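To keep things clear, I will list the structure first and then write my remarks on it.
The values are calculated or read from the model by the stated rules, or taken from the named source; none is laboratory data. Since the model is a prediction, treat every value here as computed from it, not as a measurement. Cβ placement follows ideal geometry from the backbone for every residue including glycine, while neighbour counts extend to all protein chains displayed. Ligands, DNA and RNA are excluded from the accessible area calculation, which covers all protein heavy atoms including side chains. Shrake-Rupley method; radii C 1.70, N 1.55, O 1.52, S 1.80 Å.
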Amino acid sequence: MLSDGAYDIIVVDATAAPGPEGALSLEVAILGGPHKGEVVALQAVGLHLDEVDALGTPGTLTVRDGQPSVVLEP
């Protein structure tokens, strides 16, 4: 589990996930800091991307009170 904070990331794998339309299962690599190189798996909704478009996209993973959220760059 990651500590609360913001992490620069890049999407290294993405697949369509069951659940709401547009849900994705993502694997993201952390780009810096003490967790550099670690790969984190998470699910995201509302990104308005399909799995192919998400691949290689940089973004920010924010962990607050142990709950992750991800914002990908356009």
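General remarks:
- Enumeration of residues in segment 27-50 that are modelled with pLDDT of 95 or more and assigned to a loop (DSSP other than H, G, I, E, B): 31, 32, 36, 37, 38
- Long-range neighbours under 6 Å by Cβ, at least six apart or interchain, first residue closer than 19 Å to residue 61 by Cβ within segment 7-22, second loosely packed, with under 12 Cβ neighbours inside 10 Å: 8/32
- Residue under evaluation residue 59, criteria (1) under 8 Å from the mean Cα position of the chain (by Cα); (2) modelled with pLDDT under 95, criterion not met: (2)
- Tally of residues being within 17 Å of residue 2 (Cα to Cα), open to solvent by 30 Å² or more (accessible area, probe 1.4 Å) and not in a loop (DSSP other than H, G, I, E, B) across segment 51-74: 7
- Of the residues making up segment 26-50, those that are in contact with a strand residue (DSSP E or B) (Cβ under 9 Å, 6 or more places away or on another chain), open to solvent by 70 Å² or more (accessible area, probe 1.4 Å) and either in contact (Cβ under 8 Å) with a residue 60 or more places away in the chain or not hydrophobic (A, V, I, L, M, F, W, C) (or both) number 5.
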